[in-house]
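Report on the structure given below.
The values are calculated or read from the model by the stated rules, or taken from the named source; none is laboratory data. Since the structure is predicted, the reported quantities are computational estimates derived from the model, not experimental observations. A quick note on method: Cβ atoms are made from the backbone with ideal geometry, for glycine too, and the neighbour counts reach across all protein chains shown. To get the accessible areas, we keep the full protein, side chains included, count just its heavy atoms, and leave off ligands, DNA and RNA. Shrake-Rupley method; radii C 1.70, N 1.55, O 1.52, S 1.80 Å.
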Amino acid sequence: MLDKNFNPESFEKSFSFEIEASLRKPNAEPFMVLLPPPNVTGSLHMGHALCYTLQDIIARYKRLMGYDVVFQPGLDHAGIVTQLLVEKSLYEGGAEKGSLTRETLLKEIWFFKENSGNTILNQIKTLGISCDFSRLRFTMDEDSRKAVTKMFVKLFENGLLHRRKKMINWDPLIGSAISDLEIVEKEVDSYLWYIKYRLADSSESITVATTRPETLFGDVAVAVNPSDQRYLHLVGREVMVPLVNRKVPIIADSHADPEKGSGAVKVTPAHDFNDYDIGVRHKLPILEIMNLRGELNENVPELFQKMDRFVARRKVVELLEKKELLEKVETIKQKIPFGDRSNVPIEPMITYQWFVDAEKLAVSAVKAVENGKIKFIPKHWENLYFEWLNNVRPWCVSRQIWWGHRIPAWYGPDGQIFVAESLEEATVKAGQFYGKNVVELVQDEDVLDTWFSSGMWPFVTLGWPRQTSDLGRFYSKMIIVTGFDIIFFWIARMIMMGLFCMDEVPFCEVYIHGLIRDEKGQKMSKSKGNVINPLDLCKKYGVDSVRWTLASTTSPGRDIKMNEHSVENGRNFLTKLWNVVRFAKMNGCLYNHDFKVEDVSYPMAKWIVYKIKQMVSQVGSAMAEYRFDEVTHHLYHCLWDSFCDWYMEFIKPIFQQSSLKNDEKRGYDLPHTLLKKDIRDTTSWAIVQFVRVLYPIAPFISKKLSGEMGVMEISWPIIGEIDAAEAIEEVEFLKSAISSVRSMKQYLHIPPTEKVSVRLESDSYDVADLIVKYGEAMHRMVGINFGKITEQTVPVVLNRAVIYMELGSKIDMGKERVRLSQDMKKLLQNKENMLFRLANEDFLNNAPEETIWDHQKRVEEIEDKIQKIDYVLRSLEVV
RNA sequence: GGGCGCAUAGCUCAGAGGUAGAGCACUACGUUGACAUCGUAGUGGUCGUAGGUUCGAUCCCUGCUGCGCCCACCA
């Protein structure tokens with residue numbers, strides 16, 4: 001027997017889903033869910049919990065629907081993050097800065113990976129995520145290394161990958177190039193300094209406004225707008241760069257904006273993207289004044305050499321002021337780019353890097369979404385995808401760090417590049433190139449952007465470059481579930497690389513979920529201290545409750561405001577189900593495998609079968625559309641409202657009849673022995689359907705309760721056809737009768753426990769039959785006895801029936817009349833509205849037939865009620 | 001500057017061209033055998049704003065306002 005208390009912890013640990021996750025169905029339709037591989041350094045946060053839960057729901061549902069499902073787990077080596085983290089812990093452990101060699105650091109990181117990489121995997125298992133862990137992959141495992149290397153060579157040989165000297169975003173803290181995507185703009189308080197540049201050949205000067213005075217050492221020109229009348233006469237003349245007194249020209253370039261600053265701008269091609277472009281346009285020299293650590297180099301006066309860029313800034317300003325070259329200073333709000341991992345301002349630097357021609361790869365990637373081969377859910381995210389890909393710039397894939405896939409390029413003594421899958425191959429190529437056998441080759445020091453390997457994940461996890469059977473079977477039959485923030489980083493790159501490499505889209509659906517926020521709608525962050533740990537929630541409320549809550553609060557295109565309250569809600573629902581099963585077992589219900597819904601005859605049973613059939617189909621449609629909120633909604637209301645509140649209450653007398661004494665039976669005897677078995681079977685059947693449909697969302701309790709009902713295998717319900725129209729009518733009538741009587745009792749302040757005698761009158765129903773079938777239940781549910789009425793009565797007007805309640809002297813006839821008159825007024829108003837519409841010719845001509853028919857039916861119903869109330873009102877007048 | 005999303009009950013959010021919904025909260029009443037992690041009955045909304053299309057708009061279209069986000073630029 002089940003515990004009285006619902007305690008998820010007591011059974012959650014006893015279920016493992018590894019076997020069913022690894023089960024293959026070679027003859028079924030293939031379907032794959034590709035888990036976005038979490039970072040090895042990661043630990044589970046709410047975002048993971050949501051993302052993974054949704055995928056798990058999909059994977060489990062697809063399994064139930066008979067698909068051959070691969071739910072592929074993995075871990076991402078997360079180059080920069082991991083290296084920073086391990087370095088930090090080593091330094092904190094006493095290692096001297098700069099003392100680490102490539103080999104020792106890599107050894108340490110691998111050690112860290114072996115020991116900590118499992119943390120998040122175990123957390124994923126705790127959440128009940130049914131990945132096939134026997135397929136676990138790591139983005140830096142040997143197979144991945146081979147694949148990445150091959151891809152690099154392939155891109156290179158197709159002319160889509162080049163090594164170029166270009167200006168890139170340099171992160172001085174990490175000491176590496178980073179891509180455009182790894183930058184975050186931050187608004188900071190800053191200054192705009194107005195600096196006087198003296199003309200070389202006169203005492204005149206031109207004022208230049210800048211936010212970066214320290215870069216003036218690298219100035220090679222001053223630019224003004226060609227249409228700026230103030231400065232036109234100066235174009236072509238020369239100015240002295242302050243502090244170094246180097247002559248540079250004044251040039252006309254449209255980049256200079258007369259509205260901004262002083263209208264004149266210093267040009268530093270080596271350290272600013274726009275200035276670099278100006279430099280190219282005007283064939284200006286490039287003067288680099290900074291090293292890769294963000295310190296000024298030997299091209300600046302000695303005083304400033306090796307000085308940090310921000311220290312140098314203060315010093316420069318100080319000196320300019322002293323020399324009276326500083327005209328004025330404005331305080332401004334400025335947005336400047338920061339490295340997203342290092343959180344330091346990035347520095348544009350001209351360096352050699354490897355670039356993928358993303359512009360070329362983007363063409364087919366855009367097409368694949370345009371022509372519907374890949375669908376985003378919700379669809380509007382496609383706009384974002386298009387916007388980015390249509391303006392995509394070369395992707396800088398080289399990183400000057402050590403943790404990652406080493407770039408498979410080797411350099412000859414003269415700098416000649418040999419891109420190959422191995423040193424041996426490179427050596428052969430070099431031999432051919434130089435015409436001799438022994439050539440000393442040096443491998444590129446850099447590693448690849450982490451997203452390079454992630455971008456290949458859909459086919460690498462399927463075995464590529466080996467032509468495995470999985471690769472042919474599951475590639476492009478996938479769904480990806482993820483947050484919008486990695487549409488560029490990951491989704492777009494998977495599509496580009498997949499199309500390039502496999503000539504086919506990697507997946508067909510991309511489900512983009514919302515962000516989890518705190519209850520005030522703020523982003524969760526450690527610094528704000530508003531982080532909710534999903535595992536804490538699981539511990540407190542049970543994993544299933546958390547999963548249920550995540551599913552029920554997610555809706556397309558909307559972020560989730562998370563609070564514990566909503567988890568309580570989920571827990572309460574599961575508790576309800578738990579108690580349903582307790583009730584069933586107390587009454588001897590066990591799943592009967594021979595039971596057929598077609599054989600059900602008792603109307604209440606037919607009704608619940610119908611309700612469940614309807615629910616299953618609604619849940620199925622919702623699942624197909626990934627509307628997890630609707631899935632839970634339908635389940636919730638079918639179980640709680642239909643099954644618990646009505647079905648269970650109605651069948652109690654049948655289960656409990658035997659315990660009643662004769663004088664308590666009030667003559668509502670039914671052929672109980674027969675009925676009891678039918679009802680037991682129906683009840684068990686119903687519970688099993690609930691538990692099955694619940695399985696994708698709350699697998700632990702589903703398994704547990706399914707077992708309790710005697711069903712070991714969970715499968716999706718298949719429900720036969722039944723003709724339930726009459727039963728539905730009857731039950732809906734009973735429901736409205738009971739609700740109305742309850743309402744009336746409350747209205748008249750009759751205590752719920754007080755029994756009331758009633759008389760049911762109807763020309764549409766067989767009153768005696770209803771009383772035999774449901775009298776006992778109605779007695780229990782509302783405290784009414786069917787019998788003779790002698791005293792004053794109050795009528796409860798129903799559809800096609802009236803119930804008269806005996807109330808003795810408690811009724812205030814005057815009050816009753818007022819109440820009924822008010823009801824009447826509303827009904828008349830309602831009827832009038834309907835009739836007005838029905839009298840409108842335009843309405844009749846244009847509205848769909850169904851709508852018109854609906855209106856007419858409604859009028860009939862209203863008229864019936866009006867008639868009854870009218871009748872009752874008149875009878876009250878007689879009294 | 002370009003783009004996207006959102007605006008419905010006190011709160012969190014569904015929703016559909018034809019009688020406005022749920023959960024929570026709130027009010028009143030109620031624990032004898034499934035469940036107080038509960039039950040019953042209620043209160044509560046001119047669906048942001050101004051126009052347009054339509055027989056009919058809260059839903060479709062346009063403008064506006066407010067909030068959130070993305071991209072680009074910023075000397």
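Pick out, in residue order, every one of the GluC sites (Glu not before Pro) in the stretch A:186-248 that is DSSP loop and has at most 14 other C-beta atoms within 10 Å; say none if there are none. Walk me through the numbers before you get to the answer.
Working: sites: A:GLU187, A:GLU204, A:GLU214, A:GLU238; in loops: A:GLU204.
Sites meeting the loop and neighbour criteria: A:GLU204.
Enter the per residue convex hull volume of chain A, computed from alpha-carbon coordinates, in Å³ rounded to the nearest integer.
253 Å³
A:GLU185 to A:PHE843: FRET efficiency via 1/(1 + (r/R0)^6), r the Cβ-Cβ distance, R0 60 Å, to the nearest 0.05?
Calculated transfer efficiency: 0.60.
In the stretch A:752-879, carbon and sulfur make up what percent of the accessible area (probe 1.4 Å)?
Details: 3710 of 7710 Å².
Within the stretch A:752-879, the accessible surface is 48 percent carbon and sulfur.
Sorted by mean Cβ packing within 10 Å, highest first, what order do the peptides A:313-319, A:53-59 take?
Sorting A:313-319, A:53-59 by mean packing, highest first, produces A:53-59, A:313-319.
Mind checking the log10 I(q)/I(0) for the stretch A:63-209 at q = 0.09, 0.17, 0.18 Å⁻¹? Debye, one equal scatterer per Cα, no solvent, two decimals.
Ignoring solvent entirely, the Cα scatterers give -0.57, -1.25, -1.30.
If R0 is 41 Å, what FRET efficiency do you get for A:THR126 and A:LYS323 from their C-beta distance, rounded to 0.05?
0.05
Report the label-to-label distance for A:SER762 and A:LEU292 in nanometres (one decimal), using points 7 Å from each Cα along the Cα→Cβ vector.
Using points 7 Å along Cα→Cβ, the separation is 8.6 nm.
A:GLU877 versus A:ILE19, label points 7 Å from Cα toward the beta carbon: distance in nm?
It works out to 7.7 nm between the two label points.
Over the C-alpha atoms of the stretch A:780-879, what are the Rg and the largest Cα-to-Cα span, Dmax, in Å?
17.6, 55
Which of the aspartates and glutamates could a cross-linker bridge to A:LYS520, judged by Cα under 14 Å and excluding same-chain residues fewer than eight apart?
A:ASP559, A:GLU564
Report the calculated FRET efficiency for A:LYS826 and A:LEU199 (r = Cβ-Cβ distance, R0 = 56 Å), to the nearest 0.05.
Numbers: r = 89 Å, r/R0 = 1.58.
Once rounded, the FRET efficiency stands at 0.05.
What ranking, highest mean first, results for peptides A:853-863, A:61-71 when packing means the other Cβ atoms within 10 Å averaged over each residue?
A:61-71, A:853-863
Treating only the Cα positions of the stretch A:114-187 as identical point scatterers, give the base-10 log of I(q)/I(0) from the Debye formula at each q in 0.16, 0.19, 0.23 Å⁻¹.
Results for the stretch A:114-187 at q = 0.16, 0.19, 0.23 Å⁻¹ read -0.97, -1.01, -1.05.
Just flag the GluC sites (Glu not before Pro) in the stretch A:509-608 sitting in loop per DSSP whose Cβ has no more than 13 other Cβ atoms within 10 Å.
A:GLU519
Lysines near A:LYS196 by alpha-carbon distance under 22 Å, same-chain residues fewer than 8 away left out - which ones?
Straight-line reach from A:LYS196, under 22 Å: A:LYS247, A:LYS260, A:LYS266, A:LYS315, A:LYS322, A:LYS323, A:LYS328.
Can you give me the % of accessible surface on the stretch A:257-400 that is carbon or sulfur? Probe 1.4 Å, all protein chains present, nothing else counted.
Looking at the stretch A:257-400 in its full context, I get 50 percent from C and S.
If each residue of separation counts as 0.36 nm, what is the full-extension length gain between A:LYS677 and A:LYS857 once their alpha-carbon separation is subtracted? All intermediate terms of the calculation are to be shown ahead of the outcome.
Details: separation 180, 0.36 × 180 = 64.80 nm, distance 3.93 nm.
Contour length minus Cα-Cα distance gives 60.9 nm.
Along its three principal axes, how long is the stretch A:483-620 when you only count alpha carbons? Whole Å, largest extent first please.
Projected onto the principal axes, the Cα atoms of the stretch A:483-620 cover 59, 46, 22 Å.
By how many nm would the segment from A:HIS282 to A:ILE417 grow when fully extended, if each residue of separation counts as 0.36 nm and the alpha-carbon distance is taken off?
Full-extension gain reported as 45.5 nm.
Hey, any idea what % of the stretch A:1-123's accessible area is carbon plus sulfur with a 1.4 Å probe?
Solvent-exposed carbon and sulfur of the stretch A:1-123 make up 52 percent of the total.
Could you state the accessible area per residue of chain A in Å², with a 1.4 Å probe and every protein chain left in place?
Here the residues of chain A average 46 Å² of exposed surface.
Along each of its three principal axes, how wide is the spread of alpha-carbon positions in the stretch A:185-304, in whole angstrom units, largest first?
Answer, in whole Å and largest first: 41, 34, 26 Å.
Just to be sure I understand the model, the point goes 7 Å from the Cα along the line to the Cβ. What's the resulting A:ASP594 to A:GLU519 distance in nm?
Computed distance between label sites A:ASP594 and A:GLU519 equals 5.4 nm.
Students often get this wrong: which residues of the stretch A:151-181 have the backbone nitrogen under 13 Å from the point 7 angstrom along Cα-to-C-beta of A:VAL363?
Label zone hits: A:160.
Work out how much length A:LYS526 to A:SER736 would gain on full extension: take 0.36 nm times their residue separation and subtract the Cα-Cα distance, in nm to one decimal.
70.4 nm
Where does helix A:849-878 land angle-wise versus the long Cα axis of chain A, in degrees 0 to 90, nearest 10?
40 degrees
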